[in-house]
Amino acid sequence: MDKWFKFSSDGLLAIILTAIGIYIALVVLTRISGKRSFSKMSSFDFAMTVAIGSVIATVIISKSVSLQHGITGLVIIYVLQLLVAAARRWKPIRNLMDNKPTLLMQNGKIIEGSLKKCKVTESDLKAKLREANVIQLSEVKAVVFESTGDISVLHGSDDKAIDEWIMDV
């Protein structure tokens, strides 16, 4: 327990230099791989973001993981992300990697089975409707639980229908 409160200038310098090094590597890799690196387009993208954060934290704080090992780990994660992003062009890979969106509400009517399946409560749904400035359920064309975990609310006037292309459920 004494080590928790022990101060070492060498340790502090190592943390500072490692943090700077891993930050530079992160910026370079993100610039090379593009904006998708930190998008939430799929659950795989989210997992990649968490993995990057874990590698960065471990490299900065842990004495047992070198900066070189951390950068190697980041490169591998980025390469995997780029490979999966490219492979998702094929439907079997896309079906394996991506969750399908789920319709939670259609034409002002709540789909109870979908709420239950997605573990979304009516309170969650009401909050999303309020965020979307819905004041009457009759305005709601559709509420979609997206593959990323976001909830989209599509609403508008009665005379306009939703294009089928948008509804990918």
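For this structure, a couple of remarks:
- Of residues in region 133-149 being β-branched (Val, Ile, Thr) and assigned to a loop (DSSP other than H, G, I, E, B), the one most open to solvent (accessible area, probe 1.4 Å): Ile135
- Residue tally, condition open to solvent by 100 Å² or more (accessible area, probe 1.4 Å) and within 18 Å of Glu164 (Cβ to Cβ), over region 83-108: 2
- Options Lys117, Lys126: the member that is closer than 16 Å to Thr102 by Cα, part of a helix (DSSP H, G or I) and among the charged types (D, E, K, R): Lys117
- Which listed residue, of Ile166, Ile162, Ile111, is open to solvent by 70 Å² or more (accessible area, probe 1.4 Å) and without any contact (Cβ under 8 Å) to a residue 24 or more places away in the chain: Ile166
- A single member of Ser152, Ser147 is at pLDDT 90 or above, hydroxyl-bearing (Ser, Thr, Tyr) and touching a helix residue (DSSP H, G or I) at 6+ places or on another chain (Cβ under 9 Å), and it is Ser152.
- Scanning region 41-78 for residues that are free of Cβ contacts under 8 Å to residues at least 12 places away in the same chain and aliphatic (A, V, I, L, M), we see that the one that is nearest to Ile22 (Cα to Cα) is Ala57.
- Selection count where residues are within 21 Å of the chain's Cα centre (by Cα), surrounded by 15 or more Cβ atoms within 10 Å (Cβ to Cβ) and part of a helix (DSSP H, G or I), scope region 39-70: 10
- Meets criteria (basic (Lys, Arg), touching a residue at least 24 places away in the same chain (Cβ under 8 Å) and assigned to a helix (DSSP H, G or I)) for Lys100: no
- Hey, Arg94 in contact with a Lys or Arg (Cβ under 6 Å, 6 or more places away or on another chain), closer than 21 Å to Ala47 by Cβ, free of Cβ contacts under 8 Å to residues at least 60 places away in the same chain and not in a strand (DSSP E or B) or not: yes
The values are calculated or read from the model by the stated rules, or taken from the named source; none is laboratory data. Everything numeric here is computed off the predicted structure, so don't read it as measured data. Backbone-built Cβ (ideal geometry, glycine too); neighbour counts: all protein chains shown. Heavy atoms of the whole protein, side chains included, go into the accessibility calculation; ligands, DNA and RNA do not. Shrake-Rupley method; radii C 1.70, N 1.55, O 1.52, S 1.80 Å.
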